[in-house]
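Read through the structure below, which is laid out as structure tokens, and then see the notes.
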Amino acid sequence: METIVQEIQGVPLNHYILFCSLIFTIGVIGVLIRRNVIIIMMSIELMLNSVNLLLTAFSAHSGDPSGQVFVFFIMALAAAEVAVGLAIIVMVYRNTRSVDINALNRLRG
Amino acid sequence: MSIFYFVAFLSIFFALMTIFAKNPVHSVLYLVITFFTFTIHYILLNAQFLAIVNFIVYMGAIMVLFLFVLMLLNLNKDTEPLKSNLVKVMGVIAGMCLLVTLAGSFRVLQATGVDIVENTEIGLVGNLGKVLFSEFLLPFEISSILLLTAMVGAVLLAKNDPKNA
């Protein structure tokens, strides 16, 4: 336990912020450059996870457990989002036979 | 100290592989490895319970859900829709602009970062439970309703309707 504490004491909070924004940016780029709906949802998961890690880093650096409780709520939200999103993808695939995001640009009532 | 930089490098590498891999199944597997490196980050941050939850919920449940849907729809490299190179380059440039903006705004931020608290107990189950069930009791109950709604919605959406099929 003591070695782990020494381990993170050397890492400045700035590096965590930069690292998490880098992962977040990778998620944004994934949403922009891919056309497969499932991979777009995976990029969204990547963004949510980077935010989770940053909240935990702030929580550990300030000694306040509230940040880690927020992470629980984000995880519950991510699970709900994935369940509904994948159900929508399955339904769209059943109708259009494709997971191309461009198949959704002609929504009809 | 060097463990963090090594694991951070691994996370960034596998996150890049996730969005650039051609085969969707490989993409999911790279994302699983990315989440595993995030679990190591949680352990390094003394968030032991979050590490376990991340391991079980993200790697165990959500990723398996993604993999099941991919296999159910029988997606592979051949069915992968291709985007034009122009759009890809523009997407990467837009993302880099976002990163530069964020990094530039963080330069103003004076995060000291060395004021780490010696208390190594805040990530344990008991401590988090006390906070969750006293301070955050109402959001906790509301999130249970959210999960119930999501479950009902997912079943309704994915159910094969015999009338319309």
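The values are calculated or read from the model by the stated rules, or taken from the named source; none is laboratory data. Worth saying up front: this structure is predicted, and the values here are computed from it rather than measured. No Cβ is skipped: glycine too gets one built from the backbone with ideal geometry, and neighbour counts run over all protein chains shown.
Do you know which residues across the range A:78-109 are surrounded by fewer than 17 Cβ atoms within 10 Å (Cβ to Cβ) and either at positive phi or in contact (Cβ under 8 Å) with a residue 12 or more places away in the chain (or both)?
A:ARG97, A:ASN102, A:LEU104
Mind checking which residues of the range B:31-71 are within 7 Å of chain A (Cβ to nearest Cβ), free of Cβ contacts under 8 Å to residues at least 60 places away in the same chain and over 16 Å from the mean Cα position of the chain (by Cα)?
Listed by number, the residues that qualify are B:LEU44, B:VAL69, B:LEU70.
Given the structure, is B:LEU65 at pLDDT 90 or above, in contact with a helix residue (DSSP H, G or I) (Cβ under 7 Å, 6 or more places away or on another chain) and under 16 Å from A:LEU46 (Cα atoms)?
For B:LEU65, the condition - at pLDDT 90 or above, in contact with a helix residue (DSSP H, G or I) (Cβ under 7 Å, 6 or more places away or on another chain) and under 16 Å from A:LEU46 (Cα atoms) - is not met.
From the residues in the range B:134-160 that are closer than 17 Å to A:MET75 by Cβ and not hydrophobic (A, V, I, L, M, F, W, C), which one is surrounded by the fewest Cβ atoms within 10 Å (Cβ to Cβ)?
Result: B:GLU141.
Counting only residues that are more than 7 Å from chain B (Cβ to nearest Cβ) and over 18 Å from B:ALA94 (Cα atoms), which one in the range A:4-44 is modelled with the lowest pLDDT?
Checked the range A:4-44; the qualifying residue modelled with the lowest pLDDT is A:GLN6.
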